[in-house]
Amino acid sequence: MTPADNGIRTHGNKSTATQARVDSWTWAVRLFKTRSAAAEACRGGHVRVNGTAAKPAQPVKPGDEVRIRLGGVERVVIVQQIVTKRVGAPVAAQCLIDNSPPPPSRELLAAMPRRDRGAGRPTKRERRETDRLLGRAD
C-alpha cells in the first residue's frame, strides 16, 4: 500500500493527512513526551476531544478542540494542522492554537492551604474546616 492509497502524503516532516489518532497527534506536536504517555492519558480520561472523553485511537481533524489535563494544569488547544510524525517545536507551534487559560498567580497558589506531606488523612474536623473555607459547607 502506498501512502497515496490511504490519503496520507508526506512532505518532509509534515503530512497532508485529513485526520490522525489523538494519541499520535498530541505526541507529534510535543504535548506529551512519549506516545505511550499520550495513550495512557487518553485511557485515564485526561484527554477530551470536542468535549467528550477520547480513547487513544479517536481521530482528530483540523478545527477540533483538544483538552488535556496534565500535572494539574489544563491545556486547551485547537488542531490547526495534522501531523503524524514528531516535529520540532517551531513546526509544532504552527500545528495548533493554544487557548489554555493563564496559570494561577503565585499569590493565589501561596494562599491555598496545603497539608504537610505524610501528615496522613485529614480528621473530620479538618475536613469540615476545609469545606467551610472552600464554600462547600451544608
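The values are calculated or read from the model by the stated rules, or taken from the named source; none is laboratory data. This is a predicted model, so every value here is computed, not measured. Virtual Cβ from ideal backbone geometry, glycine too; neighbours counted across all protein chains shown.
Just so you know, in region 72-83 the residues that are in contact with a Leu (Cβ under 9 Å, 6 or more places away or on another chain) and not in a loop (DSSP other than H, G, I, E, B) include one that is nearest to Arg21 (Cα to Cα), and it is Val79.
Pick out the one residue from Arg121, Arg86, Arg136 that is touching a residue at least 24 places away in the same chain (Cβ under 8 Å) and assigned to a loop (DSSP other than H, G, I, E, B).
Testing whether each residue is touching a residue at least 24 places away in the same chain (Cβ under 8 Å) and assigned to a loop (DSSP other than H, G, I, E, B) leaves just Arg86.
Determine, yes or no, whether Pro101 is more than 23 Å from Ala17 (Cβ to Cβ), at pLDDT below 95 and either touching a strand residue (DSSP E or B) at 6+ places or on another chain (Cβ under 9 Å) or not in a loop (DSSP other than H, G, I, E, B) (or both). For Pro101, the condition - more than 23 Å from Ala17 (Cβ to Cβ), at pLDDT below 95 and either touching a strand residue (DSSP E or B) at 6+ places or on another chain (Cβ under 9 Å) or not in a loop (DSSP other than H, G, I, E, B) (or both) - is met.
Look at Arg69 and say whether it is assigned to a helix (DSSP H, G or I), of a type outside the set (Gly, Ala, Ser) and surrounded by 13 or more Cβ atoms within 10 Å (Cβ to Cβ).
The answer is no for Arg69.
Residues are listed down the side, and each one gets a yes or a no for (1) of a type outside the set (Gly, Ala, Ser); (2) within 15 Å of Asp98 (Cβ to Cβ); (3) touching an Asp or Glu at 6+ places or on another chain (Cβ under 6 Å):
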{"site": "Ala17", "(1), (2), (3)": "no, no, no"}
{"site": "Val22", "(1), (2), (3)": "yes, no, no"}
{"site": "Trp27", "(1), (2), (3)": "yes, no, no"}
{"site": "Ala37", "(1), (2), (3)": "no, no, no"}
{"site": "Gly45", "(1), (2), (3)": "no, no, no"}
{"site": "Ala57", "(1), (2), (3)": "no, no, no"}
{"site": "Lys61", "(1), (2), (3)": "yes, no, no"}
{"site": "Gln80", "(1), (2), (3)": "yes, yes, no"}
{"site": "Arg86", "(1), (2), (3)": "yes, no, no"}
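From the list Asp131, Asp116, the lone residue that is surrounded by 11 or more Cβ atoms within 10 Å (Cβ to Cβ) and over 30 Å from Gly63 (Cβ atoms) is Asp131.
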